[in-house]
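Read the structure below first, then the notes.
The values are calculated or read from the model by the stated rules, or taken from the named source; none is laboratory data. Because the structure is predicted, anything quoted here is derived from the model rather than measured. Virtual Cβ from ideal backbone geometry, glycine too; neighbours counted across all protein chains shown. The area values use the complete protein model at the heavy-atom level, side chains included, leaving out ligands, DNA and RNA. Shrake-Rupley method; radii C 1.70, N 1.55, O 1.52, S 1.80 Å.
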Amino acid sequence: EYYEQFLSIVHKRVKNDLSLETLRTLADGRIYTAKQAVEKKLINTTGYFADAFDKSLVLAHILDAQVVAYTYYPKSKTNIYAANIQDTTSLINVTSFEKHLPKLKAGFYYLWLPESIE
């Protein structure tokens with residue numbers, strides 16, 4: 001049941017490039033490299049965090065935005081977002097998070113509290 005639901009969702013996204021029959025033969029549990037997935041039209045493109053961020057700005061029609069990563073920095077960069085940020089001034093240490101609440105504007109925020117990595 002979940003497999004069929006998965007195929008249905010993926011097919012809605014790729015139906016112009018792949019028939020359901022072709023998709024079914026590809027989605028049999030194999031693992032594809034990024035290059036193979038692009039060639040088989042399972043994904044549109046590959047890239048790094050900065051590429052995804054830039055693309056999200058274009059799709060959202062936003063001219064400028066800043067990534068804010070909540071982390072245990074400077075002790076460690078505990079998540080992929082923090083690890084990819086070159087300018088560490090946008091990192092907010094979760095131990096002092098409360099003082100930053102008044103600075104936040106209304107909106108949805110993603111907060112991830114990983115277990116401490118020692």
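Sequence-ordered 3J(HN,Hα) estimates for region 55-64 from the Karplus curve with 6.51, -1.76 and 1.60 and θ = phi - 60° stand at 5, 5, 5, 4, 5, 8, 6, 10, 7, 8 Hz, glycine and proline given as x.
Top to bottom by accessible area (1.4 Å), largest first, where do 40, 12 land?
I get 12, 40, largest accessible area first.
With a simple spin-label model that places each label point 7 Å from the Cα along the Cα-to-Cβ direction, the separation between residue 51 and residue 24 comes to 3.3 nm. Compute the Kirkwood hydrodynamic radius of region 1-59, taking the inverse of the mean of 1/r over all pairs of distinct Cα atoms, and give it in Å to one decimal. After inverting the mean inverse Cα-Cα distance, the result is 12.8 Å.
On the basis of the beta-carbon distance and an R0 of 25 Å, residue 6 and residue 58 show a calculated FRET efficiency of 0.35.
Per-residue surface analysis assigns residue 51 an accessible area of about 80 Å², computed on protein heavy atoms at 1.4 Å probe radius. Among 53, 6, the order of accessible area from largest down is 6, 53, computed with a 1.4 Å probe on protein heavy atoms.
Per-residue accessible area (protein heavy atoms, 1.4 Å probe) orders 61, 11 as 61, 11, starting from the largest.
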